[in-house]
Amino acid sequence: MTAIYRMRDARAFGFAITRCLLMGGLLSGSWLGFPGQALAQASIEPLPPKLPDGRQRAFPTAEGFGAGSLGGRGGKVLYVVNTNETGPGSLRACVEASGPRVCIFRTGGTIVLRERSLDIQNPFLTIAGETAPGGGIAIRNGETQTRPSIAIRTHDVIIRHIRLRPGPHAVEACCSGGLGMYSEAAKDIMLDHISASWGSDETIDSEDASNFTWQWGIASEPLLRGGPGKKNRARNMLFTKGGNVSVHHSLFAFGQFRNPLIKMKIPGAVADVVNNVFFSPKWQYVLSFGDEWARIQANVVGNYKIAGEKLRNDHMVHLFEESGRGHAIYLKDNYDEPYRTDPGQDESLVLAEKQRGFVSATAFDAPAVRAFTPEIAYEDVLANAGATKPQRDAVDRRIIDAVKNRRGRLLQSHPQDVGGWPELDAGVPYQDSDMDGISDDWEVENGTDPKDASDGQQDMDGDGWTNLEAFLHFMAGDTAGALAAAHE
């Protein structure tokens, strides 16, 4: 493994150079004649274990401000053996435990929250949705559970490959959605390959959170009328206050507003928005920023927006001028139908004319995210975003098909109008004799002992990731071979 990671270090250096060239305007991928397929393959290589600042990367494909999240590294393994809302063996039991911990799923299916959110108050948690068998894990709200399905109020949290499908509420509520990050304690958070839809307000939101990444996700079909007091919503994602946010390689679909809306408060904070895909039949606003609490600094690089009906402003980027503190937006290589569809056109065309004075000539400092052309981003995101382990569910397959064919309409008030919540098979979990979270087959193949639980927290190759983490990387498809196969 050491030799492999030396090769990755060399590749990472190349990617860093590529990123600098992209941000500096010297390289534009296939828009300047580079082979698109070659760059697409390069973009999916695993990254070196160490970040430039010396911290351990959360996992081999983690990028952005949340890439150094510790999650549950080195902690105890807690099995999720049922889809009950509470009690022994439930996801809540793992979430509410203390100390470093990793939630390993021994069943697929849908967890219905009728009482309250899954409230993450204790740090150092990994929710490893990639371990779920069958149809994978989904979480939804009952009609009287009026808060986000998952609330993060602490630091060092990693969540991967889960489906958040909250749905409408029957009583008046503020913010019934899929996931929220709240308080200044919410930082160093990595949200990877999450599929989220059917929120009655924002499906994903934050207030005061910082240093987090939303990557390779799908945010889709927020409800226009999700319950009492909610009208004309259809809003995907809202990040307020806090700061230092990375949103990359994700699909935002069927949300007429907040895709996302970002309003930071920490002075000097940066929003890094890279290689996302935006689709809606109607656009009130697409990607937007507001200066209510602080001057906005943002990079908007290599994103792909598909045209829809203009309701207010359908340019890719809209700036809410709320306080006079101002905006500074660095733009590079964005595709914005119908305003900027050729790389020779001025970068500022993704903004309405009256807001083009806010364009920054230089990029703002942010942790590296591999940025490629919008055409490559479009293909990669549609192929690989969202909860793909163990497989995409019927909702995501339908959404991806709609984006490819540019069809569909905003969802009015209930998931039943588009087929409802899919039935996810429980499946058969992998054999794990010593209950260290690692499959017996993987242990035998990789030289660890399937009857020794202690070796899960060892690091057999010295790369800084435990053996359990290495297995989770395998399950998530982070190995070089798995990533290449996914992009064929």
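The values are calculated or read from the model by the stated rules, or taken from the named source; none is laboratory data. What you are looking at is a predicted structure, and each value in this text was computed from that prediction instead of being measured. Here Cβ is always computed from backbone atoms with ideal geometry, including for glycine, and neighbour counts include all displayed protein chains. Surface accessibility is based on the protein's heavy atoms, side chains included, excluding ligands, DNA and RNA. Shrake-Rupley method; radii C 1.70, N 1.55, O 1.52, S 1.80 Å.
So the values come out like this:
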{"read-out": "Rel. contact order, % - alpha carbon contacts under 8 angstrom, at least six apart, the range 43-124", "value": "25 percent"}
{"read-out": "Proportion of all alpha-carbon pairs of the range 319-433 beyond 18 Å (%)", "value": "70 percent"}
{"read-out": "Kirkwood Rh and Cα Rg combined as Rg over Rh, evaluated for the chain", "value": "0.95"}
{"read-out": "Simple spin-label estimate for GLN412 and ALA170 in nanometres, 7 Å along Cα-Cβ", "value": "2.0 nm"}
{"read-out": "Shape of the range 162-291, Cα gyration tensor, a/c cut at 1.5", "value": "prolate"}
{"read-out": "Formal net charge of residues neighbouring ALA470 (Cβ-Cβ distance under 9 Å; K, R +1; D, E -1)", "value": "-4"}
{"read-out": "Two-site FRET efficiency, GLU115 against ALA352, from Cβ-Cβ distance with R₀ of 51 Å, rounded to 0.05", "value": "0.65"}
{"read-out": "Antiparallel content of DSSP bridges confined to the range 298-432, in %, to 5", "value": "10 percent"}
{"read-out": "Percent carbon-and-sulfur accessible area, the range 122-257, ignoring ligands, DNA and RNA, probe 1.4 Å", "value": "44 percent"}
{"read-out": "Rounded accessible area per residue of the range 319-407, 1.4 Å, Å²", "value": "44 Å²"}
{"read-out": "Extended-chain gain in nm, criterion 0.36 nm per residue less alpha-carbon gap, ASP425 and ASP342", "value": "25.4 nm"}
{"read-out": "Relative contact order, percent, the chain [alpha-carbon distance under 8 Å, six or more residues apart]", "value": "15 percent"}
{"read-out": "Karplus 3J(HN,Hα) series, Hz, for the range 268-276 with 6.51 cos²θ - 1.76 cosθ + 1.60 (x for Gly, Pro)", "value": "x, 5, 10, 10, 10, 10, 9, 6, 9"}
{"read-out": "Percent accessible area from carbon and sulfur atoms, the range 270-413, protein chains only, probe 1.4 Å", "value": "43 percent"}
{"read-out": "The range 390-471: Cα Rg divided by the 2.2 N^0.38 Å rule of thumb", "value": "1.74"}
{"read-out": "13 Å reach of a label modelled at ASP441, 7 Å along Cα-to-Cβ, counting backbone N of the range 87-120", "value": "none"}
{"read-out": "Those trypsin sites (Lys or Arg not before Pro) in the range 287-391 that DSSP places in a loop and that have at most 11 other beta carbons within 10 Å", "value": "ARG312"}
{"read-out": "Computed log₁₀ I(q)/I(0) - Debye formula, equal Cα scatterers, no solvent, the range 249-338, q 0.18, 0.25 Å⁻¹", "value": "-0.74, -1.25"}
{"read-out": "Compactness relative to 2.2 N^0.38 Å, alpha carbon Rg of the range 43-91", "value": "1.59"}
{"read-out": "Of the GluC sites (Glu not before Pro) in the range 244-349, those whose Cβ has at most 13 other Cβ within 10 Å and which sit in DSSP loop", "value": "GLU322"}
{"read-out": "Largest-first principal axis extents of the Cα set of the range 76-218 (Å)", "value": "38, 31, 27"}
{"read-out": "Charge dipole (debye, nearest 20) of the chain; +1 at Cβ of Lys and Arg, -1 at Cβ of Asp and Glu", "value": "1580 debye"}
{"read-out": "Relative contact order (%) - the range 337-438, alpha-carbon pairs under 8 angstrom, separation at least six", "value": "12 percent"}
{"read-out": "Extreme residue, positive dipole direction of the chain, given options LEU287, PRO100, LEU78 (C-beta unit charges)", "value": "LEU287"}
{"read-out": "J(HN,Hα) series, the range 436-452, from Karplus relation 6.51 cos²θ - 1.76 cosθ + 1.60, nearest Hz, glycine and proline x", "value": "9, x, 10, 5, 4, 4, 5, 4, 4, 5, 10, x, 9, 9, x, 10, 10"}
{"read-out": "Rounded FRET efficiency, nearest 0.05, which uses the C-beta distance separating ARG55 from ARG325 and R0 of 41 Å", "value": "0.85"}
{"read-out": "Trypsin sites (Lys or Arg not before Pro) restricted to DSSP loop in the range 112-219 with at most 15 other C-beta within 10 Å", "value": "ARG114, ARG116"}
{"read-out": "Base-10 log of normalised Debye intensity for the range 41-159 (one unit scatterer per alpha-carbon) at q = 0.12, 0.14, 0.20, 0.22 Å⁻¹", "value": "-0.48, -0.63, -1.11, -1.24"}
{"read-out": "CD proxy at 222 nm, helix term only [per DSSP H run n ≥ 4: -39500 (n - 2.57); per residue of the chain; nearest 500]", "value": "-5000 deg cm²/dmol"}
{"read-out": "Span-like helix ranges in the chain, DSSP H, alpha carbon extent 20 angstrom or more, Kyte mean at least -0.5", "value": "2-24"}
{"read-out": "Charge dipole (debye, nearest 20) of the range 307-442; +1 at Cβ of Lys and Arg, -1 at Cβ of Asp and Glu", "value": "820 debye"}
{"read-out": "Inter-label distance for LYS76 and ASN122, nm, one decimal - labels placed 7 Å from Cα along Cα-to-Cβ", "value": "0.7 nm"}
{"read-out": "Violating pairs (Cα-Cα greater than 29 angstrom) within the set LYS265/LYS332; LYS263/LYS354; LYS50/LYS389; LYS230/LYS389; LYS282/LYS389; LYS263/LYS310", "value": "LYS230/LYS389; LYS282/LYS389"}
